[in-house]
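Undergrad: I'd like to ask some things about the structure below.
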Amino acid sequence: MSDASGDAVDAIIGQWEAERPDLADDLWPVQVIGRLQRLGWILEKEIKAFAAERGLELGEFDILTTLQRSGPPYELTAGAFRKAAMVTSGAITNRIDRMEAKGLVERVRDTGDRRAVKIRLTERGHEVTRTFMKEHLANEARILADFGREDSEELAAKLRKLLETLGDTSIK
């Protein structure tokens with residue numbers, strides 16, 4: 001039976017146990033999946049607000065950091081972003097258009113294939129990413145401060161195992 005003083009997921013489980021006692025033994029996955037979903041919503045809201053305070057949308061931050069961590073020459077094709085972000089080509093195009101207008105990225109023709117266009121981080125994009133990333137890590141540490149580093153590392157190991165089990169082993 002769920003603890004009435006628990007979180008929202010405990011309350012949901014308790015409601016299901018009351019409504020469908022025959023499912024009580026089958027509700028155990030909700031403890032994990034429900035909490036992961038709620039955490040995803042909460043964290044997305046927190047990080048979106050953090051990015052907005054710095055004049056960026058969450059998707060723009062994703063593109064900046066993806067380009068930065070890709071290493072020199074800090075460029076990728078729009079298709080590579082589409083694959084990583086799992087969004088439509090129109091969404092990527094619109095995002096790149098906005099970022100280009102802000103001077104964060106530029107489109108460059110591939111010297112090997114003039115039909116191919118790559119998205120390259122500009123010097124301003126590098127500056128914004130360096131500053132933002134340092135602040136972003138501090139913000140994430142703030143979010144996890146009460147949880148602690150040791151508990152975070154233990155949870156990270158378990159989440160890694162779950163992701164690997166589900167086949168999410170590489171970002172490439």
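Taken together, the values in this text are just the output of simple stated rules run on the coordinates, not laboratory data. Just so you know, these numbers come straight off a predicted model, no measurement behind them. Ideal geometry is used to build each Cβ from the backbone, glycine not excepted, and the neighbour counts take in all protein chains shown.
Undergrad: Go through the range 49-69 and give me each residue that's part of a helix (DSSP H, G or I) and either closer than 27 Å to Gly112 by Cα or of a type in the set (Asp, Glu) (or both).
TA: Residues satisfying the conditions are Glu53, Glu60, Asp62, Ile63, Leu64, Thr65, Thr66, Leu67, Gln68, Arg69.
Undergrad: Okay, next question. Please state which one of Leu27, Leu43, Leu58 is in contact with a helix residue (DSSP H, G or I) (Cβ under 7 Å, 6 or more places away or on another chain) and under 20 Å from Leu137 (Cβ atoms).
TA: Sole residue among the options that is in contact with a helix residue (DSSP H, G or I) (Cβ under 7 Å, 6 or more places away or on another chain) and under 20 Å from Leu137 (Cβ atoms): Leu58.
Undergrad: Please work out which residue is nearest to Glu135 (Cα to Cα), limiting yourself to the range 55-69 and to residues that are in contact with a His (Cβ under 9 Å, 6 or more places away or on another chain) and surrounded by fewer than 20 Cβ atoms within 10 Å (Cβ to Cβ).
TA: Thr65
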